[in-house]
Amino acid sequence: MPIRKQQQLMSEAHLHMPQGVAENYRYWGDDNTVFVENAKGCGFTDCDGKTYVDFRLGYGPIILGYRDARVDQAVVEQITQRGTLTGFSTALDIEVVKQIKALCPQIDKVRFANSGTEAVMGAIRTARGYTQRDRVAIVEGSFHGLFDEMMWKADIEAWDPNSKLAPRVIPFGVGVPERARALLDIFRLNDFEGLEALFATQHEQLACVVLEPIIGNAGSISATPGWLQRLRDLCTEHGTMLIIDEVKTGFRVAKGGAQSLYGIYADLTSYAKAMGNGYPVAAFGGRAAVMDKVGSHAGGVVHGGTYTANLVGLSAAHATLNVLTNTNALQTIDRVGEQIQALLGRVFSQAGVEHAFAGPPAMFGIHFTPTVPQNYRDWRVTNSDLYRAFAWKLIDLGVMLEPDSREPWFICEAHQHMDFAWLEDMSSQAIRFALDNH
Ligand SMILES: Cc1ncc(COP(=O)(O)O)c(C=O)c1O
């Protein structure tokens, strides 16, 4: 058998990068780490010429499709006619904020960033500066970026589902000091008692609660409207900032993000991913009274960065938000997501696999369990091993997804052109294979 180019690249990459990858999450083992040659529409070709229809979409930023000409041309125009950055303001800064405000009624003022991590950091620092408090609460199973304070998780794999105790909280890895969690509280989604207890004990110190109401990092398990409203009310009552992290949901699950689906609004919001269709751009924003705490004035919250609002990212955001505002791209995505859920539902039912979909069609989780999980602990009792076997077989058959049911299926506008009958056939083959082999 000829040596695959993947093997050559993997061996060479090991000489130059730890684990042979540019960042940890790309390492899928020496045989399965993917090297991409090019991407277009809703798919990509790997270094050995194998093509994939992609539902991973780079962890969600691709909302229109890879190499969307409407976005790419706008970027090329900006950078060839105006440059990438000068470290000064441009009129485009104002234009993009106006676009965000037109879609998201809870936003009065915005600051930009380059990644979701940076946007969340900015929002938390602003909340702390505004409230003059230090503690931060997050929800079990959520992810808010790779900075030490947010790199703590419920050790769900080691948790005994029959136990009455909460899962142990552990760091993502070494190098994260224990002290980094000294100001962090972790509570459970949709647990009214836990929510009341959090505010009963911490309310005078709680600067903010940060959450994804649709947990993009726990298979789109979602807050119930009643629970989210109670959280909103408690935050208001106690002067705690509610930060809704829309890094995955923003400009994806609806034009106004998860908040517009619930009709419940945050004091501060973080955005990234879909706002730039794959270009690196992010933002955080909120009520004017809170955001005006940010600035170089005395008592101001510091926010900055060399690449902030660079014209590559900003022109991509401008073009992407323009398409999302003025076309029915998100309606198309919802329709396609529903169609895919319907075909997968048929496949699972025919194979006798109990299943539940969580979250909205643009970003849905698949859980092999009879009822939709209500929190991260419920996810633990889903048949995630069967899902993993199903996912690996699909990847083998040319359907790319994350082989972990905590990562949702992402839909982009370009998926409307894919072959749905082919996907149904591949899914059917994959679930049969998984049932026989897992
Ligand atoms: C909800 C959420 N917040 C923050 C982040 C961090 O974003 P980034 O990877 O752009 O730093 C992510 C990344 O997946 C995310 O899903």
Based on this model, can you work out whether PRO361 counts as crowded, with 21+ Cβ neighbours inside 10 Å and more than 17 Å from ARG432 (Cα to Cα)? no
Residues of the range 107-124 being farther than 22 Å from ASN375 by Cβ and within 15 Å of the ligand (Cβ to nearest atom), in sequence order, are PHE112, ALA113, ASN114, SER115, GLY116, THR117, GLU118, ALA119, MET121, GLY122, ALA123, ILE124
Query raised in the report: of a type outside the set (Ser, Thr, Tyr) and touching a strand residue (DSSP E or B) at 6+ places or on another chain (Cβ under 6 Å) - does that describe any residue in the range 317-329?
Result: no
Apart from one, (1) buried (at least 19 other Cβ atoms within 10 Å of the Cβ); (2) modelled with pLDDT of 95 or more; (3) within 16 Å of the ligand (Cβ to nearest atom) all hold for LEU184; the odd one out is (1)
Looking across the range 197-209 at residues that are in a helix (DSSP H, G or I) and touching a residue at least 12 places away in the same chain (Cβ under 8 Å), the single one that is farthest from LEU231 (Cα to Cα) is GLN202
Those residues of the range 128-159 which are of a type in the set (Lys, Arg) and under 24 Å from MET291 (Cα atoms) amount to ARG128, ARG133, ARG135
Checked against (1) within 16 Å of the ligand (Cβ to nearest atom); (2) out of contact with any Cys (no Cβ under 8 Å at 6 or more places or on another chain), ILE62 satisfies every condition except (2)
(request) Answer yes or no as to whether ASN190 is more than 13 Å from the ligand (Cβ to nearest atom), part of a loop (DSSP other than H, G, I, E, B) and under 20 Å from SER222 (Cβ atoms). (result) yes
Item to complete: Could you tell me whether the range 98-105 includes any residue that is modelled with pLDDT of 95 or more and touching an Asp or Glu at 6+ places or on another chain (Cβ under 8 Å)?
Response: yes
Apart from one, (1) more than 22 Å from TYR66 (Cα to Cα); (2) more than 17 Å from the chain's Cα centre (by Cα); (3) among the polar types (S, T, N, Q) all hold for ASN310; the odd one out is (1)
Could you please let me know if LYS98 is among the basic types (Lys, Arg) and assigned by TED's automatic domain parsing to the domain that holds GLY216? yes
- For the range 377-398, indicate whether the set of residues that are surrounded by 17 or more Cβ atoms within 10 Å (Cβ to Cβ) and closer than 24 Å to ARG70 by Cβ is non-empty. no
Here the residues within the range 212-249 that are within 10 Å of the chain's Cα centre (by Cα) and free of Cβ contacts under 8 Å to residues at least 40 places away in the same chain are GLU246
Counting only residues that are surrounded by fewer than 24 Cβ atoms within 10 Å (Cβ to Cβ) and closer than 28 Å to VAL312 by Cβ, the range 261-290 contains a total of 2
Listed by range, strands (runs of 3 or more DSSP E) wholly within the range 216-287 having at least 3 residues that are away from the ligand (no atom under 11 Å from the Cβ) are 282-286
Residue pairs within 9 Å by beta carbon, gap of at least six or interchain, first lying in the range 147-167 and outside the structural domain of ASN217 (by TED's automatic domain parsing) and of a type in the set (Phe, Trp, Tyr), second in a helix (DSSP H, G or I) and surrounded by 14 or more Cβ atoms within 10 Å (Cβ to Cβ), listed first then second, are none
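The values are calculated or read from the model by the stated rules, or taken from the named source; none is laboratory data. Since this is a predicted model, take the numbers as computed values, not measurements. Don't worry about glycine lacking a Cβ; one is built from the backbone with ideal geometry, like all the others, and counts go over all protein chains shown.
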